[in-house]
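Every number in this text was worked out from the coordinates using simple rules, so none of it is lab data. Here the structure is a predicted model, which is why all the values come from computation and not from measurement. Cβ coordinates were reconstructed from backbone atoms using ideal geometry, including for glycine residues, and neighbour counts include every protein chain displayed.
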Amino acid sequence: MGWTVPSRALVVALMLAPSIVAPAAGQVPTQQPPCVPATGNLQSLAASLDRVWGTRTTLLVCDGSRVPFGSQAKPGVVYFVPDQARALGFDSLGVVYIIAHEWGHQVQFQRQRIVNAFSFSQQREFNADCLAGYFIGAKLPAAPDTERRLMAAGAAIGDDRLLHDARLSGPFGNVIDQYMAPNPHGNAKGRAYFVQMGYRDGRKRDIVSCAIITPNLEDVAASADGRSGRLAKAQADAQRLASAVSIYSAHMGTLPPTLAALTLPVMNAKGQAAGPFLPGLPAPPAGWTPYSYRQAPGGRFTVTAEGDGTQVSVP
C-alpha cells in the first residue's frame, strides 16, 4: 500500500492512543472485550500483509492491562498489544515491524505448512524477522535511516535485551517469562541481522533469501513479461531451489537426493522434523528446460536451467 511519512505518524498515533468510547445518555457503560478487531490504518496494514503473503488472518488489538501476553500469533489471528510497543519506545516503524513479524508466523503456518509455527524456536523467529523486514522494504517508502531504525527495533526485542530491560518488569514480567523457554527467540544481534536481510531483499523486490516463499508483489521480477521476465523468473526459481537445498542440507546433514525431496517432510537423525521446504517444484519459464540438480564432492551442488540462448546456474 502507498505509505508516506505523514501517514506513518498518523498510524502510530491511532495505534498507541487509548480507545475511549462514551456511552449514550441513560446507558450503563459496558467494558469492551480485551481484544477487538483492528480498524482504520491498522486494518489497512493487515489487508496489505495478507495480499503480499497470500494469507488469511485477523488482526486484533488488545488492552495490555487485561491480557496475560504480549503481541503474538495463533492460527489465523495476530494479537497486537500497543502497551508493549509503548514500553519498548517503538515508533510507527517499530509497530509495523511487530505486526509484520507476527504475520511471519502466519506465513510459516499457512504457506510453508509448518505445523508448530507458533511455538518458540529461534529458527522460526529469525525467519519471521526476515519476512517482516521484506514486507517493510517492499511496501514502505524508503528513508535514509529506515534500515538503521528497523535493525534497532529488532535488536530491542532480542532475548539478551529483554531479560535485562527494567521497563518490561512488573506488569510485563509474564512476557519476560516467555523468553526463558528452552528455545529462545534469539539475541539482539541475530534479530537485527535477519530483519536487515529481509529488508534489503524487499528493497530490491527480490526473492526472500532466508525463507522459501514467494511474495505476491506485482513488481517482483519473476512476474515480468518477455525475455527479461523469463530470465528473471528462472534466476529467482533457481535461487529458491538452491536455498531450499541448503536449508534441507543444514537440517539433515546431507544433500537431498532429488529436488522432489524438498516437497516432502523429513526427520533427521536427532528426531527433529522439518519440511516440506517447498510447496511444489516451480515450472520453468516458457521455452526453458526443466530445472536440473547436480551434486558435487564436498557437499557442493548446482541448480541449472537453459533457455532464450542463456543458462542460469546457482550457486
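For the stretch 139-155, putting each phi into the Karplus relation 6.51 cos²θ - 1.76 cosθ + 1.60 with θ = phi - 60° gives couplings of 10, 9, x, 6, 9, x, 10, 4, 4, 4, 5, 5, 5, 5, 5, x, 5 Hz, in residue order, rounded to whole numbers and with x for Gly and Pro. Legend: calculated FRET efficiency, Arg86 to Arg200, from the Cβ-Cβ distance at R0 = 35 Å, rounded to 0.05, equals 0.75.
A dipole drawn for the stretch 227-314 from +1 and -1 charges on Cβ atoms has a positive end, and of Leu281, Gly307, Ser243 the residue lying farthest that way is Ser243. Counting only lysines at least 8 places from Lys233 when in the same chain, those with an alpha carbon closer than 23 Å to its own are Lys139, Lys204.
Net length available on complete extension from Thr302 to Gln272 is 8.2 nm, with 0.36 nm assigned per residue and the Cα-Cα distance removed. Classified by the C-alpha gyration tensor, the stretch 227-314 has a prolate form. Its axis ratio a/c, with a ≥ b ≥ c, is 1.5 or above, and a/b is larger than b/c.
Here the stretch 227-314 is treated with +1 on each Lys and Arg Cβ and -1 on each Asp and Glu Cβ, and its dipole about the Cα centre works out to around 100 debye. Each residue of the stretch 266-283 was assigned a 3J(HN,Hα) from its phi angle through the Karplus expression (A = 6.51, B = -1.76, C = 1.60, θ = phi - 60°), giving 9, 9, 8, 5, 8, x, 9, 8, 7, x, x, 8, 9, x, x, 7, x, 7 Hz with x at Gly and Pro.
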